[in-house]
1. List the relative contact order of the chain as a percent without decimals, with contacts defined as Cα pairs under 8 Å and 6+ residues apart.
2. Decide, for region 6-60, between rounded, prolate and oblate: order the square roots of the alpha carbon gyration tensor eigenvalues as a ≥ b ≥ c, take rounded if a/c falls under 1.5, and otherwise choose prolate if a/b is larger than b/c, else oblate.
3. Using Cα atoms only, what is the angle between the long axis of helix 81-98 and the major principal axis of the chain, expressed in degrees (0 to 90) to the nearest 10?
4. By the scheme Lys and Arg +1, Asp and Glu -1, what is the net charge of all other residues having a beta-carbon under 9 Å from that of Ser119?
5. Which one of Lys92, Lys12, Lys20 has the biggest mean-square fluctuation once the chain is modelled by GNM with Cα springs under 10 Å?
6. Which residue fluctuates the most in the chain, going by a Gaussian network model with Cα springs under 10 Å, if the choices are Val88, Val111, Val21?
7. With the Cα gyration tensor of region 107-167 giving a ≥ b ≥ c as the square roots of its eigenvalues, does the rule (a/c under 1.5 for rounded; else a/b larger than b/c for prolate; else oblate) give rounded, prolate or oblate?
8. Near the amide H of Thr147, under 5 Å away, which other amide H atoms are found, from residues 5 or more places off or on another chain, if H is placed in the peptide plane?
Amino acid sequence: MLSIKHIEIKIKERISPNAKVWIYQAARPFTQSEVDKLNDQIAAFVQEWAAHGNELVADYQIFFNRFICLFVDESGVTASGCSIDSSVHFIKSLKKEHDISLLSRTDVAYVGQDDEIKSVDLHTLNDAFSEGQITNETLVFNNLIRTKGEMETNWVIPIVDSWHKRMLD
């Protein structure tokens, strides 16, 4: 089993610890060519991302070839409903272009016993637990976190310490 000590979340230092984060989890790992193209596409998007005509202080990172994370430092300009909608529209365009699910809120990503990131549907999480694929020590990705600071400390945690635990018998 992969220990939490072996997962390092290195987020760009220029992103404020209070920056808001949106995490989009892919149903499968991105290929290297997809990562290269996604980096270009997302960089262009965050450079132009705005709220009511005001440029947002935004950035992004792709983690583990599986998660697209968008960050906005709201200490100046706050992300508005329209700017959040534009990011979701952008993510939907990536989903369509790369033929990959990025918006499923029922996929739970975890670190498998082979140290690979896997996913299971939330509705079958208890089955995976009963079958021993997932244990109390299994590391899960808590995509409900809201800030960079939370991401650095509470994104990858043992399932027993996460909200996912309530889905288990």
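Each reported figure results from applying straightforward, stated rules to the coordinates on display, with no laboratory input. Just so it is clear, the structure is predicted and the values come from calculations on it, not from any experiment. So basically every Cβ, Gly included, is an ideal-geometry build from the backbone, and we count neighbours across all protein chains shown.
1. Numbers: 251 pairs, mean separation 45.2, N = 169.
Once divided by the residue count of the chain, the mean separation gives 27 percent.
2. Oblate shape, in that a/c is at least 1.5 and b/c is the bigger or equal ratio.
3. Result, in degrees: 60.
4. Numbers: positive: Arg28, Arg66, Lys118; negative: Asp107, Asp121.
Computed value for this residue: +1.
5. Among Lys92, Lys12, Lys20, the largest GNM mean-square fluctuation belongs to Lys12.
6. With Cα springs under 10 Å in the chain, the top fluctuation among Val88, Val111, Val21 is at Val88.
7. Numbers: a/c = 1.97, a/b = 1.64, b/c = 1.20.
Prolate, since a/c reaches 1.5 and a/b exceeds b/c.
8. Those lying under 5 Å, H to H, from Thr147 are Val21.
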